1. For region A:1-116, which helices (runs of 4 or more DSSP H) that fit wholly inside it have 2 or more residues that are more than 16 Å from the ligand (Cβ to nearest atom)?
2. For region B:129-165, how many residues meet the condition of being within 14 Å of chain A (Cβ to nearest Cβ), of a type outside the set (D, E, K, R) and under 30 Å from B:PHE81 (Cα atoms)?
3. Kindly evaluate A:THR3 against the criterion of being loosely packed, with under 10 Cβ neighbours inside 10 Å, within 27 Å of the chain's Cα centre (by Cα) and not assigned by TED's automatic domain parsing to the domain that holds A:PHE176.
4. Would you list the helices (runs of 4 or more DSSP H) that sit entirely within region B:1-75 and hold 3 or more residues that are within 11 Å of chain A (Cβ to nearest Cβ)?
5. So, in region A:208-231, how many residues would count as being farther than 13 Å from A:GLU106 by Cβ and either at pLDDT below 95 or within 16 Å of the ligand (Cβ to nearest atom) (or both)?
6. Name the single residue, out of those in region A:175-203 being within 15 Å of the ligand (Cβ to nearest atom) and among the β-branched types (Val, Ile, Thr), that is farthest from the other protein chains (Cβ to nearest Cβ).
7. I need every pair where a residue in region A:16-36 that is facing chain B (nearest Cβ under 9 Å) has its Cβ under 6 Å from the Cβ of a residue that is among the hydroxyl-bearing types (Ser, Thr, Tyr), sequence separation at least 6 or different chains.
8. Condition first: free of Cβ contacts under 8 Å to residues at least 60 places away in the same chain and β-branched (Val, Ile, Thr). Can you find one or more residues in region B:60-70 that meet it?
Amino acid sequence: MTTPVRKKGRLSEAVQNIQPSGIRRFFDMASTMDNVISLGVGEPDFVTPWKVREASIDSMERGYTAYTANPGIIELREEISSYLSRQFSTPYDPENEIIVTVGASEAIDIAIRSTVNPGEEVVIIEPGFVSYAPIVSLAGGKPVSIGTKKENEFKVTKEELEAAITSNTKAIMLCFPNNPTGAVMTKEDLDPLVEIIEKNDLLVLSDEIYAELSYDQKHYSFARLPGMKERTILISGFSKAFAMTGWRLGFVCAPADITAAMLKIHQYAMMCASTPAQYGALEALRSGQDDVERMVTSYKQRRNYMVKSFAEIGLSCHVPGGAFYAFPSIEETGMDSNAFAEGLLHEERVAVVPGNVFGEGGEGHIRCSYATSMESLETAIERIGRFIKKHSS
Amino acid sequence: MEEHELEILRLVEENGRLDIATIAKMVDRTEEEVQTVLNKLEKENIILSYAAVVDWSKVNEREGVTAMIDVKVTPQRGVGFDEVAERIYRFPEVEALYLVSGAYDLLVVIDGDTMSEIARFVSEKLSALDSVISTTTHFRLKTYKHDGIMFGDGEDDDKRIVVSP
Ligand SMILES: Cc1ncc(COP(=O)(O)O)c(C=O)c1O
């Protein structure tokens, strides 16, 4: 007779204490339905540029199928270094300040795990990407949310930051351009935060994965602010700018001591990022900028279309300066974001993500990804307009 | 040309069916402004047509035959290739005509219903022109890509999951 499997207590408390993402629920609902137009997709609608795919295929044909150095092939780190200098004026040393990761997702994980001690607080700007708070919790840290406001265009203010800081605060997690709000922060918007960050000796984890998708002015990296590079962990990747989500490739840049710490986790947990993906990314950085610009123009046109169309059907929507999300307010309808999103899915077959899943400040809004064809966007707007008309009293 | 005119041109080049109201929103201009730009581009013969790209091989009623013909000609004093080119492109069955560098001078694309129809065009019309020295006809067997558009199944179907972070 075998010993009965222990069910109670076999999962860690840390994992039991985190909730599955609210996005999952909508995925389950939407994926069982036909004729759904999805504005729920958090990834580009472009296929990876052919030259990038071709370079990766070529690397496999030539037999580059073994592990690479833990932080990634040096050629790729060198390209990342010159790309960051060229595009964002944030130079990093390819030898000891850059790690090629399994998506920005891994970068977020190793950045948090290598800096946060149990009990330390990490300030998280919300509405925000769904993984920050759970990863902080898994590391034993305490996520502290700041809910940004529509009237501030979902930017974080100096006052809000100051109010969130305690003697336990270790770091602040920033993400601009933002998922889900599309908010951007310019140099002028970021400047006032510096004083608080210095006064409280904080680290800044800056997720700039949407940097290239900035429509009204060039992205300003947090690490570029005077004195901030020493405190910043810059997180980015290939998923959004180069339409490479499925390749699972990102990178993280930080001062050498932090990079060395992150590399310890990365080498034990991942060994290295996918080799064929690294060769593809090399080509993306060497010759993909035209493709990026082509895609950015197209997102910008669709951004414009969505903002104007929302206004026409009576949804107020701040102008998202980046990423590929619009985050209109649905407060006028009197519904909460969950009821709105569920109703819209069932009655009109349009999938959006309710704002509340993105944390504080998200309620009262829905996230609409416009990374989908113009044809779908036009139909979606028509359906959302009809839904609102039907439900406005 | 101004930046927004170029932007509008690229949009209609890719999708001639976009309506003015949609274009106006996309490029952040009024409908009147977009209409003015399109009128101007049409009047200047920059926009020549808003045609669809059709894969006729999928239409049972009409498969048709297309040939690309290399043509060597003697250029005429004073008018070069233009005069003979005009005599050729005025035939309605001529789908496209290019002056090219290399071993021959003109590249003629002909559409017809049958191979014999095209053969007849080559022997009776094209070769009969005084300045035509020789022709080489290539029949198209399959279209992989045309006007920047992949034929066959391409990559159009959305392979993404419906809702993601
Ligand atoms: C803000 C943000 N950060 C990180 C990621 C994860 O990106 P990657 O595919 O590089 O893991 C996403 C993906 O949706 C995102 O929106």
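The values are calculated or read from the model by the stated rules, or taken from the named source; none is laboratory data. Because the structure is a prediction, the values reported are computed rather than measured. As a convention, Cβ positions derive from the backbone with ideal geometry for all residues, glycine included, and neighbour counts pool all protein chains shown.
1. Output list reads A:13-16, A:22-31, A:50-61, A:74-88.
2. Qualifying residue count, region B:129-165: 1.
3. no
4. B:3-14, B:20-27
5. Matching residues across region A:208-231 total 9.
6. Within region A:175-203, the match that is farthest from the other protein chains (Cβ to nearest Cβ) is A:VAL184.
7. As it stands, the answer is none, since no pair meets every condition given.
8. Within region B:60-70, not a single residue is free of Cβ contacts under 8 Å to residues at least 60 places away in the same chain and β-branched (Val, Ile, Thr).
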